[in-house]
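Read the structure below first, then the notes.
The values are calculated or read from the model by the stated rules, or taken from the named source; none is laboratory data. Here the structure is a predicted model, which means the values were calculated and not measured. Positions of Cβ are generated from backbone atoms using ideal geometry, with glycine treated the same way; all protein chains shown enter the neighbour counts.
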Amino acid sequence: MSFIKIISQNFLAFITIIAVQLNAQPNPYNTVEGVWGKLPKGRTWGSTSAVFPATDGSGNIWVAERCGANSCAGRDDMPILLFDQSGELLKSFGKNIFVWPHGIHVDKNNNVWVTDARGEDGIGHQVHKFSPEGTLLMSLGTKGKSGKGKYQFNGPSDVLIAPNGDIFVADGHGAGGNNRIVKFNSEGKFLKTWGKTGAESGEFRDPHALAMDSQGRLFVGDRGNSRTQLFDQEGNYIATWTQFGRPSGLFIDANDILYSADSESNATWGNNPGWKRGIRIGNAVDGWVTALIPDPEPDPDNASTTGAEGVAADSQGNIYGAEVGPRMLRKYIKN
């Protein structure tokens, strides 16, 4: 046996051991049975990837779903929803503004930012800012048109507002998108962009999620590369983490706990083989993974997107998983 072959086999064995260890993390959460969040009579949940807690201390939960289907195109439902802690619907808005609501962020003033990651019938490919009452305050991107310019997006997946008001957009849903991060100031003025298609440090393949820790580091869920990349707010590369799986969604709470939703690891497709789907929970400071909520799908290797794509946690430590394939919002309560 050649030396190179021995090294290769040993490396693969090492990767397998690491994956098994991370897959074996405990699950200290109980699942609330059924769909969480009560919709009006006659209204059903659509594909849901966007969930974020209110920042006004109410404990309420903001959600954006796709109008009872997997697209809001041609539908009159209001996709942005606010629920109280018991799952009662408090308000809804956003009618006829979105094609494909995808990512969500609630800033320190409780304004709600939602990305629209598709375009159709003259709308889409934008990021919208709403007041807590539902008034449209700002839109970024060229309405209904994809592009690579300073004020254009091609399938923006997520948005994040830094403490100083700067706006970060993960631009490019799917490997064929722009694969970049775009930064604006609080007024929506373009500041800079970084990234391109690839697998090297600072490159992306489907940047799908954003989060920021207490140090101000920007976490980018680089889903197509099955990794999370860390940057400072000027786009300087810091590190790459693979221990949180293939991230569709990221969330960091006030205690620097990192939640990563892996809805696509799949041995059949060759997407991050050896890793189980589910929500991984750990420390955003040192990167240590402490818990894994397994995907509720019993056979994810023979299914498409399952479990949570979007993930968030409230101040009590309850976790919310926004599910695209199953079309629901699921709640987990710590034991």
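Take the residues in segment 292-306 that are in a loop (DSSP other than H, G, I, E, B) and of a type outside the set (A, V, I, L, M), then tell me which one is modelled with the highest pLDDT.
Going residue by residue through segment 292-306, those that are in a loop (DSSP other than H, G, I, E, B) are 295-299, 303-306.
Keeping just the survivors that are of a type outside the set (A, V, I, L, M) gives 295-299, 304-306.
Details: 295: 92, 296: 87, 297: 81, 298: 75, 299: 75, 304: 75, 305: 80, 306: 86.
Out of the qualifying residues, it is 295.
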Could you check segment 217-242 and list, in sequence order, the residues that are crowded, with 18+ Cβ neighbours inside 10 Å and charged (D, E, K, R)? 222, 223, 227
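When only residues in segment 178-208 that are basic (Lys, Arg), in contact with a Lys or Arg (Cβ under 9 Å, 6 or more places away or on another chain) and part of a loop (DSSP other than H, G, I, E, B) count, which is surrounded by the fewest Cβ atoms within 10 Å (Cβ to Cβ)? Write out each step before concluding.
As a first pass, look at segment 178-208 and keep what is basic (Lys, Arg): 180, 183, 189, 192, 196, 205.
Retained after the next criterion (residues that are in contact with a Lys or Arg (Cβ under 9 Å, 6 or more places away or on another chain)): 180, 183, 192, 196, 205.
The next check asks that each one be part of a loop (DSSP other than H, G, I, E, B); those that pass are 196, 205.
Numbers: 196: 13, 205: 20.
In this case the residue turns out to be 196.
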Kindly check whether there is at least one residue in segment 80-99 that is among the small types (Gly, Ala, Ser), under 27 Å from residue 147 (Cβ atoms) and either at pLDDT below 95 or crowded, with 20+ Cβ neighbours inside 10 Å (or both). yes
State whether the residues of segment 290-308 include one that is surrounded by fewer than 22 Cβ atoms within 10 Å (Cβ to Cβ) and either touching a Leu at 6+ places or on another chain (Cβ under 8 Å) or under 27 Å from residue 214 (Cβ atoms) (or both). yes
Only one of (1) surrounded by 16 or more Cβ atoms within 10 Å (Cβ to Cβ); (2) of a type in the set (A, V, I, L, M); (3) in contact with a Gly (Cβ under 9 Å, 6 or more places away or on another chain); (4) in a loop (DSSP other than H, G, I, E, B) does not apply to residue 175, and that is (1)
Inspect all residues belonging to segment 147-156 and state whether any of them is crowded, with 19+ Cβ neighbours inside 10 Å and touching a Phe, Trp or Tyr at 6+ places or on another chain (Cβ under 6 Å). no
Taking segment 45-79 as the search range and keeping residues that are surrounded by fewer than 18 Cβ atoms within 10 Å (Cβ to Cβ) and of a type in the set (Asp, Glu), which one is nearest to residue 32 (Cα to Cα)? 56
Tell me which residues, restricted to segment 252-272, are buried (at least 24 other Cβ atoms within 10 Å of the Cβ) and assigned to a strand (DSSP E or B). 258, 259, 260, 261, 262
Just checking, how many residues over segment 123-142 are among the hydrophobic types (A, V, I, L, M, F, W, C) and either modelled with pLDDT under 95 or part of a loop (DSSP other than H, G, I, E, B) (or both)? 0
Restricting to segment 149-188, what's the tally of residues that are without any contact (Cβ under 8 Å) to a residue 40 or more places away in the chain, over 21 Å from residue 200 (Cβ atoms) and among the basic types (Lys, Arg)? 0
All conditions in (1) within 19 Å of the chain's Cα centre (by Cα); (2) more than 26 Å from residue 72 (Cβ to Cβ); (3) of a type outside the set (A, V, I, L, M, F, W, C) are true of residue 237 except (1)
Would you mind telling me which numbered condition in (1) closer than 16 Å to residue 321 by Cβ; (2) not in a strand (DSSP E or B) residue 275 fails? (1)
Quick one: would you say residue 310 is in contact (Cβ under 8 Å) with a residue 40 or more places away in the chain, in a strand (DSSP E or B) and touching a Lys or Arg at 6+ places or on another chain (Cβ under 7 Å)? no
